[in-house]
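What follows is a short report on a single structure.
The values are calculated or read from the model by the stated rules, or taken from the named source; none is laboratory data. Just so it is clear, the structure is predicted and the values come from calculations on it, not from any experiment. Positions of Cβ are generated from backbone atoms using ideal geometry, with glycine treated the same way; all protein chains shown enter the neighbour counts. What goes into the accessible areas is simple: the full protein's heavy atoms, side chains included, and nothing from ligands, DNA or RNA. Shrake-Rupley method; radii C 1.70, N 1.55, O 1.52, S 1.80 Å.
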Amino acid sequence: MIHWSPFVQNFKKKYPWVQLAGHQGCFKPGENGTILKKSTDKERECLERLMKDILRPYIPEYKREVNKGGERYLEMQDLLQEFESPSVMDCKMGIRTYLEDELAKAKSKPRKDLFQKMVEVDPSEPTEEEKREGGITKPRYMQWREQLSSTSSLGFRIEGIKKGDEKPNKDFKKTRTKEDVDKVFTEFIGDDDQIRKKYIRRLKAIGATLESSPFFRSHEVVGSSLLFVHDADGQASVWMIDFGKTTPLQEGMWLNHRTAWEEGNHEDGYLWGLDNMVDIWSQR
Ligand code: ATP
Ligand code: MG
Ligand code: MG
């Protein structure tokens with residue numbers, strides 16, 4: 001039997017794709033409403049497990065790994081697809097942005113590029129020794145960024161925003177206090193109450209699902225983001241993205257994602273950050 005649908009599916013709609021984090025060149029357009037992200041085994045395995053977890057509705061639909069020009073890519077749902085000139089915000093979750101394993105690299109070679117990035121923001125930050133060396137290690141750089149932004153104090157930070165047709169803005173390195181964040185959130189939604197309510201509802205649903213997700217309990221979730229998307233038609237939603245650093249815990253170990261981090265306990269503060277975020281969205 002043939003069903004006549006009352007609508008036209010149009011995957012070929014042309015719209016500018018927005019990338020608010022990561023390196024240029026890691027993403028390619030895919031077919032049928034998908035995008036391709038350069039693959040790593042770690043992220044692929046997470047997405048495969050997530051497709052079988054109760055978190056699935058909050059994750060971009062993962063299809064498969066594909067080969068393109070000799071490179072492996074993860075083919076997943078393009079979350080911007082259903083929006084008209086979307087506004088997008090990437091918030092990196094958790095009280096840490098590096099894995100415990102990466103701490104070991106503290107003794108690794110100091111990097112000149114990271115030193116320069118630091119000096120551009122705050123010339124007084126490097127120690128005398130770092131100045132002599134002309135370089136800093138990656139964990140040193142990342143810990144500094146965490147203190148400067150709201151990562152350490154609130155358990156998440158704003159990575160980037162693109163509002164409708166405006167240029168993307170990634171200048172949130174010093175957005176740190178609740179007041180700072182509230183201002184940016186409110187400006188992002190143009191203080192639209194309906195959008196705010198939709199975001200809060202979705203964040204609460206994500207929070208409740210995280211609380212009972214077997215995947216979440218058994219993984220250290222670091223460097224992962226919540227992607228906020230809304231448009232002028234009043235559509236608004238949030239998804240969990242970026243599992244490039246999400247790591248399974250040892251058998252039998254699990255996290256509550258709230259208690260303070262001490263080296264060895266693997267806690268990431270994800271839920272603590274989400275609680276703070278919901279508070280900020282709700283305070284107006
Ligand atoms: P980093 O680790 O530096 O954050 P990354 O290379 O791991 O970067 P992601 O964080 O996964 O990349 O994605 C980068 C950006 O691409 C996001 O901020 C978002 O703007 C966009 N993006 C990622 N996945 C999707 C998706 N499924 N649909 C729409 N946009 C996406
Ligand atoms: Mg990311
Ligand atoms: Mg990443």
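Taking Rh as the Kirkwood radius computed over C-alpha pairs, what is the Stokes-Einstein D of the range 69-131 at 25 °C in a medium of viscosity 0.890 mPa s, expressed in µm² per second? Intermediate results must be reported in sequence, preceding the final value.
Values: Rh = 16.6 Å.
Stokes-Einstein gives a translational diffusion coefficient of 148 µm²/s.
Based on the Kirkwood radius over alpha-carbon pairs, what value in µm²/s does the Stokes-Einstein equation return for the translational diffusion coefficient of the range 22-84 at 10 °C and 1.306 mPa s?
For the chosen part, D equals 130 µm²/s.
With all protein chains present, calculate the accessible area of Lys92 using a 1.4 Å probe and round the result to the nearest 10 Å².
That residue has around 40 Å² of solvent-accessible surface.
Below 8 Å between Cα atoms, with a sequence gap of 6+, how large is the relative contact order for the chain in percent?
Relative contact order of the chain: 22 percent.
Could you work out the relative contact order of the range 165-284? I mean the mean sequence separation of Cα pairs under 8 Å and 6+ apart, divided by the number of residues, in percent.
Working: 123 pairs, mean separation 28.7, N = 120.
The value is 24 percent.
Sticking with the crude label model, points 7 Å out along Cα→Cβ, report the distance from Val121 to Ala205 in nm, one decimal please.
Rounded to a tenth, the inter-label distance reads 3.4 nm.
Quick one: pull the percentage of alpha-carbon pairs in the range 76-174 with a separation above 23 Å. Let's see the in-between values first.
Numbers: 1958 of 4851 pairs.
Considering the range 76-174, 40 percent of its Cα-Cα pairs are separated by more than 23 Å.
May I ask you to give the percent of accessible area on the chain that is carbon plus sulfur, with a probe radius of 1.4 Å?
The C+S portion of the solvent-accessible surface of the chain is 49 percent.
Mind pulling the angle between the C-alpha long axis of helix 138-148 and the longest principal axis of the chain? Nearest 10 degrees, somewhere in 0 to 90.
Helix 138-148 sits roughly 80 degrees off the main axis of the chain.
Can you tell me the 0 to 90 degree angle between the C-alpha axis of helix 41-50 and the longest principal axis of the chain, rounded to 10?
With both axes taken from Cα atoms, the answer is about 50 degrees.
By how many degrees, 0 to 90 and rounded to 10, does the Cα axis of helix 112-121 deviate from the longest principal axis of the chain?
80
Could you provide, to the nearest whole Å², the per residue accessible area of the chain with probe 1.4 Å?
Here the per-residue accessible area is 54 Å².
Diagonalise the Cα gyration tensor of the range 23-150 and give the resulting equivalent ellipsoid semi-axes, square root of 5 times each eigenvalue, largest first, whole Å.
35, 17, 16
With a ≥ b ≥ c the root eigenvalues of the C-alpha gyration tensor of the range 129-267, is it rounded (a/c under 1.5), prolate (a/b larger than b/c) or oblate?
Judged from the Cα gyration tensor, the range 129-267 comes out oblate (a/c at least 1.5, b/c at or above a/b).
With viscosity set to 0.692 mPa s and temperature to 37 °C, compute the Stokes-Einstein D of the range 160-203, Rh being the Kirkwood radius across alpha carbon pairs; µm²/s, no decimals. Mind showing how you got there, number by number?
On the way: Rh = 11.5 Å.
D = 286 µm²/s.
Of Gln116, Trp144, Ala104, whose Cα points farthest to the positive end of the dipole of the range 39-157 (charges on the beta-carbon: +1 Lys, Arg; -1 Asp, Glu; origin at the Cα centre)?
Ala104
Could you compute the FRET efficiency for Glu128 and Gln194, with r as their C-beta to C-beta distance and R0 at 35 Å, rounded to 0.05?
0.05
Just subtract the alpha-carbon distance of Ser218 and Asp53 from 0.36 nm times their residue separation and send over the number in nm, one decimal.
Numbers: separation 165, 0.36 × 165 = 59.40 nm, distance 1.18 nm.
Length gained, Ser218 through Asp53: 58.2 nm.
Please compute one quarter of the surface area of the Cα convex hull for the chain and express it in square nanometres.
18.1
With charges only on Cβ, +1 for K and R and -1 for D and E, what is the dipole size of the chain about its Cα centre, in debye, rounded to 20?
540
Are there GluC sites (Glu not before Pro) in the range 194-284 that DSSP marks as loop and that have at most 12 other Cβ atoms within 10 Å, and which are they?
Glu251, Glu262, Glu263
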